[in-house]
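To keep things clear, I will list the structure first and then write my remarks on it.
What follows draws every value from the coordinates through simple rules; no lab data is involved. The structure displayed is predicted, hence computed values, not measured ones. Methodologically, a virtual Cβ is constructed for each residue, glycine included, from the backbone with ideal geometry; neighbour enumeration extends over all protein chains shown.
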Amino acid sequence: MKKIYLFAFLLITLTTNAQNRKYPWAAAVDLNIREYKGDLGNGFLKFNDFRGAWGIRAARYINPFIDAGINFNYGRFHYETGDTVYRPIRSYMLNTNVNVNFKFNNGVILPGNSKIAPYLIAGVGIMGINNYNNDSFGRQVFANVPLGVGVRLNLSNNFGIYLQSTYNLTMNDKFDAFATGGNDAIMNHSVGFV
């Protein structure tokens, strides 16, 4: 466990966030809150069920407008229905996305060295979920499409904090083990260090 903390500390302190031609790579660690919307209800923007999901990210500068990246996040995911008929979703979930970020601090909209750096996110990904509360649910793997918005506060040339929310549209209606029409979705809110 100490090795994981040491790796996270080194990742946080030795990375750059000023992605440009000279320093094209960035790495990040974050904490996540996940929210569910589907056949069992809508938990979006409730922020009432933090279960300790964490993530890591790597991104590469492409041009002043675009960064490309990959992220992994893993942790517990719960959704309580409040209904005695349907069992709640209690699971572990791994989410991996490949995405592009459109940066507003591109030298046209905002200066490239702006302390506040908003961005838009789009990509494709895959989710794996292992529900330990509902035997009919079991393990599932499915594709998702992440779309989101974020903002990074650049505290120095080598350190920043970011906050982002990503809407993950799943490519099936059985995330919650019920199929009544329309795909289920997961909202992922992240705060992290880059």
What distance in nm lies between label points placed 7 Å from Cα along the C-beta direction at W25 and L163?
3.0 nm
Taking θ as phi - 60°, what are the ³J(HN,Hα) couplings along region 100-105 by the Karplus curve (6.51, -1.76, 1.60), each to the nearest whole Hz, with x for Gly and Pro?
10, 10, 8, 8, 7, 8
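With r as the distance between the Cβ atoms of R76 and F142 and R0 = 22 Å, compute the FRET efficiency 1/(1 + (r/R0)^6) and round to 0.05.
The calculated FRET efficiency here is 0.75.
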Extension gain from I62 to I109, taking 0.36 nm per residue of separation minus the Cα-Cα distance
15.2 nm
At what distance in nm do the modelled label points of Y92 and I116 sit from each other, each positioned 7 Å from its Cα along Cα→Cβ?
4.0 nm
